[in-house]
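**Q** Let me give you the structure first, and then I'll get to my questions.
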Amino acid sequence: MKCVNIILILMALILLSSGGQALRTFSGNTISIDSPIADDVFAAGNMVSINAPVNSVVVAGGTVNINAPVKGDVIAAGGQVYVNSEVGGKVVAAGGNVNLGGNIGTNLVAAGGIVSIRPGKTIARDALIGGGDVVNSGRVNGTLTVYANNFTNSGSAGKVDFYKTENKAPQRDENRGQFNVFALLSIIGYFILGLILVKYVPGIFAAVDSEIRSSTLLKTVIGFVLIIASFIAALLVAITMVGLPVALISSLLILAALMLSGTFVSFSLGKWIFELAKMKQGDLILFVLGFVILNVLFLLPYVGGLISLVSMSLGFAALLYAARHFLRAWNAPAAAK
């Protein structure tokens, strides 16, 4: 549970730095929220159950149970995810089994081995679902878009778009299988972190997006050069014992920026796509679309590695440019005095 605690601490720091958003965090092996909470709830554990009304939920666990009404959005990831009560906003869920047994006030985005919408339940707007087996026994008022190997539609929808996917041949190499599991968990982790950041610190994404759209090609080249130069500089500083702490901290900051670069590029990609389609969507939907498309591009043979390098370089440079502008704005009042 140390990793869970670290994640929750990071969440709290992010939220506190964004202006004091209301927040309640929970971590442990078994978590049961049995009293109403008029705040946003962040929880992580082996078994997490929401048994009383809350404002919104961001939760990760082995088994996740939403058994009471949620006023806002639900963002959930786990081995088993059960949404058994009404959700006023949107639901974003990923897991081995995602079971939707409550009405959803706006949109649904779900991915899992098995994704089910129970009979009599309503999605007020659109639903985007990806999985091995998808079952819709409810009602989607808008468009139901499904990417799945098997799709059973005994319910109804305003429009249905089904895209059949094929199972890949199983990998017999045990080490490669372990690597694939690790890669999948990493993707899910980045996805959840991105959703949290987009929701609570949207200003950072707006600033970095502005930099990504300005001189994109030039910033990609600059970013690639800066990545190499940064690590060389950190290595040179680390040669001296006095500079070793500085080098370690600098290296950690560089790694953090590199790890987050794809998150910012995902948001910008999703925003650009919706702007081309002349459609308006919330920031979370922009990020989800961009994240999915970008990670699919990473998997392409031959060019996937190049796309990953371009994304990392562009995001790294844009983040540094945005940080520089922020520091200039921060120091401007002091200079005026």
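The values are calculated or read from the model by the stated rules, or taken from the named source; none is laboratory data. Since we're looking at a predicted model, the values are computed, not measured. A quick note on method: Cβ atoms are made from the backbone with ideal geometry, for glycine too, and the neighbour counts reach across all protein chains shown.
**Q** Would you confirm, using the coordinates I've provided, whether residue 306 is out of contact with any strand residue (DSSP E or B) (no Cβ under 6 Å at 6 or more places or on another chain) and free of Cβ contacts under 8 Å to residues at least 12 places away in the same chain?
**A** When the stated conditions are applied, residue 306 passes them.
**Q** Still on this structure, I have one more. Test residue 259 against the stated conditions and say whether it is of a type in the set (A, V, I, L, M), outside any helix (DSSP H, G or I) and outside the structural domain of residue 109 (by TED's automatic domain parsing).
**A** Spelling it out, it is not the case that residue 259 is of a type in the set (A, V, I, L, M), outside any helix (DSSP H, G or I) and outside the structural domain of residue 109 (by TED's automatic domain parsing).
**Q** Would you confirm whether or not region 278-288 contains a residue that is out of contact with any Phe, Trp or Tyr (no Cβ under 9 Å at 6 or more places or on another chain), among the hydrophobic types (A, V, I, L, M, F, W, C) and surrounded by fewer than 16 Cβ atoms within 10 Å (Cβ to Cβ)?
**A** yes
**Q** On to the next question. Yes or no: residue 316 assigned to a helix (DSSP H, G or I) and within 25 Å of residue 131 (Cα to Cα)?
**A** Here the answer is no, as residue 316 does not meet what is asked.
**Q** Filter region 72-87 for residues that are modelled with pLDDT of 95 or more and of a type outside the set (Asp, Glu) and give the result.
**A** Within region 72-87, 82, 83, 84, 85, 87 meet the criteria.
**Q** Which ones in region 57-90 are within 16 Å of residue 192 (Cβ to Cβ) and outside any strand (DSSP E or B)?
**A** 73, 90
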